[in-house]
Amino acid sequence: MATPLLHHQVPYPSLSLSLHFLSLNSASPASPKLKLFSVFPSKASPFFFPFSSMGSLSDPFPRLLYPAARRDDSIVDNYHGVFIPDPYRWLEDLESPETKAFVEAQAAVTDSVLAECCEREKLRCEITALFDHERYEAPFKRGEKYFYFHNSGLQSHSVLFVQSKLDSEPEVLLDPNALSEDGTVALSIAAVSRNGKHLAYGLSSNGSDWITIRVMRIDDKKPESDTISWVKFSTVSWTVDGKGFFYSRYSAPKEWDNVDSGMETGINLNHQLYYHFLGTDQSEDLLCWEDPENPKYRFRATVTEDGKVLNCSFSLSLSSSYTYIILYIFEGCDPVNKLYYCDLATLSGGLEGFKGSKGFLSFIKLVDNFEARYSVIANDESEFTFLTNKEAPRYKLVRVDLTKPDEWIDILEEDQKDVLQSAYAVNGNQLLVCYLSNVKHILQIRDLKTGQLLHCLPIDIGSVTEVSGKREDTQIFFGFSSFLTPGIIYKCDLSTSVPEIKIFREVLVPGFNRGDFLVKQVFFPSKDGTKIPMFVVSKKNITLDGSHPTLLYGYGGFNYSLTPYFSVNRVVLARNFGFVFCIANIRGGGEYGEEWHKAGSLSKKQNCFDDFIAASEFLISAGYTNSSRLCIEGGSNGGLLIAACINQRPDLFGCALAHVGVMDMLRFHKFTIGHAWTSEFGCSDIEEEFRWLIRYSPLHNVTRPWQKTSNASIQYPSTMLLTADHDDRVVPLHTFKMLATMQYILKTPQKNPIIARIDRKAGHGAGRSTQKMIEEAADRYGFVAKMMGLSWNH
């Protein structure tokens, strides 16, 4: 569940797991040939395989002996008159000796299995070789300097560079690789002040969501003394004078003296918004907003840039009129928020004059309900343009004058079919807008005042990965990627009558030939007849005989859209094992707007599983694969998806990879930021919502399939659950309890392994080093190859 943000700022506590397991930005030539058609599978197809085909092509392992895990049958919870046992509750204490012993014993089992996966070392070498290529992010300008991220290939993390001009010699500004020997310290936030003089950067350790912010002078690259701790789900927004910035934090966890940061499971409550003055101690920071009566609220502040001031002089000063602090207030993870504002001109002496005050900043409530999303796009004095889904599930642009808060007008109306994903004020009074059209991005230049279409920017079929540009910029940059295009950064000159687009940087992956592959988009019917889109990537000219190993990926939640992206892993699997790779754009995501999202959330969550199962059945009936050669994979909310699907249709899959999944749907809201997900899932404290959660909660629906059918050979597919010890987003107790439950219930006659890969000094996915990503990819796909009887063929 994710909202991508530019320049490494990640404030949303959703369940997003980076899909770009090995490459966020990579590149290659030409364009994929994308075919669009609808196919409706039928069990009458000659390639439909019945239950008896389920499982591995051979029995690669004797039945595993799993470590005994104590069951405490005294733990029984009463949910609205329904008694639910929780025998592995003790695994929720991550620091207990018993839990640590469980983890070590499970790790030994997994190591023994992986040792028999003979293709694992070849995978590691091939992925490493293919991943060893330069990667860039788009440059962004602050003051008179340009900044960009670059990775030479196998560096653990990308390095931040600075240069005076786009063609001048770049200098290293901040190298996160120098901060730890093992790559476990990552750069999570990088925010340059608007005058280009200071960098505020946030560091996270071991993959945790907790961040420590530090400050550096840019001219001489010397660190300032500023250190800000216990930051979480925050951006950094500098005031225009460069004297300080806004950030969000929680109080230090009660157990922090005894528990490693990132391994605590306590609930995150009482978010606070602060302003930090450059060069001062954190204890002197201004508490700008909190809401103890609503402890689950989260806050984020941004500082506006007045368009009229910019257009007049391009000079920025805190004394300029109409500089506003925008306060966004969130409760769950739905695309809705409250929005307040504070006019800095009304503060006598500015923020410095506010020091010592016992009250909060004097925010005015413009939107004081959670009915819709509102995001500021631009302002001219008190006149604001917003992106919103108010009465527009596919989004639109609206305008309001703060002096007339009841008079809202539409500037760009909701499209009839495409989703307005983002808008950026650029080149004075123009907008760069990005639409999502049948899961592919479209870029347009429009007039900021009227919304009128000025130009359509020609881009290939794929995804716009980033946009870099501000209102005063006539030159902007945007990143592009697709299944067959590792990554291109385009420079767009808007000062001409027709925008001039040129390739600024293109990353080439050695040994990758896009001409070897074919991309299709297909549409198939789900259980209720809804047409679901899916991308299918394969080698060219394959025979649809049902023999191909196939990897199906899904997410389906939190309004997050799975658009085309490049993956080194997929290339390696396709070239060396003949894999077909598929992404199912199931309901619950944002591919078709808020209605598509709502159709896969709360009481309708079962639609997600039905869609994914229908995608699997389509791939079999269309002749791509058979059940023994179909592997399904997903992370976070997608990990929940995978676990629910193998519970509901264990016969349909040969292998399953469930990353950092939410497995206990009755207790997820009790840990760290899980309470924010109740807007997506519901909450077991409410009887109606408990009734729909218990029906699919992975932990509570593990059954013995051989007892439910006359076919005694049916088993669960070979399954690897993946988690990490410092995942404080979806805490690892979910995986631990699911693993113990599966191993206990599926003891006999289940032969297919049920194992867990538990990473150390790692978290939910963000900030993971290149080396860790390669090691994990080799392990999980080596496991898949062994379980499905695949041999290296390249």
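The values are calculated or read from the model by the stated rules, or taken from the named source; none is laboratory data. Note that the structure is predicted; figures quoted are calculated from it, not measured. Cβ sites come from the backbone with ideal geometry, for glycine too, and all protein chains shown count toward neighbours. Side chains are part of the model used for accessible areas, which takes the heavy atoms of the whole protein and leaves out ligands, DNA and RNA. Shrake-Rupley method; radii C 1.70, N 1.55, O 1.52, S 1.80 Å.
In order along the stretch 352-363, the phi-based Karplus estimate (6.51 cos²θ - 1.76 cosθ + 1.60, θ = phi - 60°) of 3J(HN,Hα) comes to 5, x, 8, 4, x, 6, 8, x, 8, 4, 7, 6 Hz; Gly and Pro are listed as x.
Normalised by the number of residues in the stretch 322-440, the average gap of Cα pairs under 8 Å and 6 or more apart makes the relative contact order 16 percent. Classify the stretch 472-533: rounded, prolate or oblate, from the alpha-carbon gyration tensor (a ≥ b ≥ c, eigenvalue square roots; a/c under 1.5 rounded; otherwise prolate if a/b is larger than b/c)? Cα axes put the stretch 472-533 in the oblate bin. In the stretch 675-737 the Cα-Cα distances spread across 5 Å bins starting at 0 as 3, 13, 15, 19, 18, 14, 10, 5, 1 percent of all pairs.
For the stretch 683-794, pairs of C-alpha atoms spaced more than 18 angstrom apart make up 64 percent of the total. Subtracting the Cα-Cα distance of T450 and D685 from their residue separation scaled by 0.36 nm leaves 79.8 nm. For K708, the aspartates and glutamates whose Cα comes closer than 15 Å to its Cα, not counting residues fewer than 8 places off in the same chain, are D651.
Using a Debye calculation, one point per C-alpha and no hydration shell, please list log10 I(q)/I(0) for the stretch 67-164 at q = 0.11, 0.17, 0.20, 0.22 Å⁻¹ in order. These q points yield log10 I(q)/I(0) values of -0.73, -0.88, -1.01, -1.10.
Of all the C-alpha pairs in the stretch 631-687, what % are more than 17 Å from each other? More than 17 Å apart: 41 percent of the Cα pairs in the stretch 631-687.
Rg over Rh for the stretch 353-420 works out to 1.10, both radii taken from alpha-carbon positions and Rh defined as the Kirkwood radius. Given the pairs K470/K520; K141/K539; K197/K470; K605/K751; K197/K404, which are separated by over 29 angstrom at their Cα positions? From K470/K520; K141/K539; K197/K470; K605/K751; K197/K404, over 29 Å: K470/K520; K141/K539; K605/K751; K197/K404. Shown here are the Rg and Dmax of the Cα trace of the stretch 422-511, at 13.2, 48 Å. Starting from the coordinates of the alpha-carbon atoms of the stretch 574-647, obtain the Kirkwood hydrodynamic radius over all distinct pairs and give the value in Å to one decimal. Every distinct Cα pair counted, the radius reaches 13.2 Å. When only alpha carbons are used to place a centre, the stretch 99-131 and the stretch 506-521 end up 28 Å from one another.
Here the stretch 267-297 and the stretch 387-452 have alpha carbon centers that stand 32 Å from each other. Express the carbon and sulfur contribution to the solvent-accessible surface of the stretch 163-237 as a percent, rounded to the nearest whole number, probe 1.4 angstrom. After summing per-atom areas, the C and S share lands at 45 percent.
Averaged per residue, the stretch 102-220 has 39 square angstrom of accessible surface, using a 1.4 angstrom probe with ligands and nucleic acids left out.
Summarising the overall dimensions of the stretch 336-485 from its C-alpha atoms, the Rg and Dmax are 17.8, 57 angstrom. Contact order, relative form, for the chain: 18 percent (alpha carbon pairs under 8 Å, 6 or more residues apart, mean separation divided by residue count).
Values of log10 I(q)/I(0) for the stretch 202-242 across q = 0.29, 0.32 Å⁻¹ run -1.07, -1.11, by the Debye formula with one identical scatterer at each alpha carbon and no solvent. Summary value for the stretch 104-217: 14 percent relative contact order, contacts being C-alpha pairs under 8 angstrom separated by 6+ residues. Our coupling estimate for the stretch 688-703, obtained by passing each phi through the Karplus curve with A = 6.51, B = -1.76, C = 1.60 and θ = phi - 60°, is 4, 6, 4, 4, 7, 5, 5, 5, 10, 3, x, 4, 9, 10, 6, 9 Hz, Gly and Pro reported as x. With the whole protein complex present, K122 retains an accessible surface near 100 Å², based on a 1.4 Å probe. Taking all Cα-Cα distances within the stretch 525-580, those exceeding 13 Å account for 70%. Applying 1/(1 + (r/R0)^6) with r as the Cβ-Cβ distance of I503 and L287 and R0 = 45 angstrom yields a FRET efficiency of 0.45. In summary, the stretch 94-224 shows an alpha-carbon radius of gyration equal to 1.41 times the 2.2 N^0.38 Å reference for compact globular proteins. In terms of overall dimensions, the C-alpha atoms belonging to the stretch 156-217 reach 35, 22, 14 Å along their principal axes, ordered largest to smallest. Using the Cα centre of the stretch 119-199 as origin and beta-carbon charges of +1 (Lys, Arg) and -1 (Asp, Glu), tell me which of L123, S164, H150 is placed farthest towards the positive end of the dipole. Value: S164. Count Lys and Arg as plus one, Asp and Glu as minus one, and take only other residues whose Cβ is under 14 Å from that of L278; the net charge is then 0.
Based on every Cα atom in the stretch 65-110, Rg and the maximum pairwise Cα distance Dmax equal 13.1, 40 Å. Electrostatic bookkeeping for N513 treats Lys and Arg as +1 and Asp and Glu as -1; over the other residues with beta carbon under 12 Å from its beta carbon, the sum is +3. Averaged over its residues, the stretch 389-498 has an accessible area of 38 Å² per residue, based on protein heavy atoms and a 1.4 Å probe.
Across the chain the C-alpha pair distances fall into 10 Å bins from zero in the proportions 2, 14, 24, 27, 20, 10, 3, 0 percent. Which of rounded, prolate, oblate describes the stretch 638-727, given a ≥ b ≥ c as roots of the alpha-carbon gyration tensor eigenvalues and a/c under 1.5 marking rounded, otherwise prolate only if a/b is larger than b/c? Oblate, because a/c is 1.5 or more while a/b does not exceed b/c.
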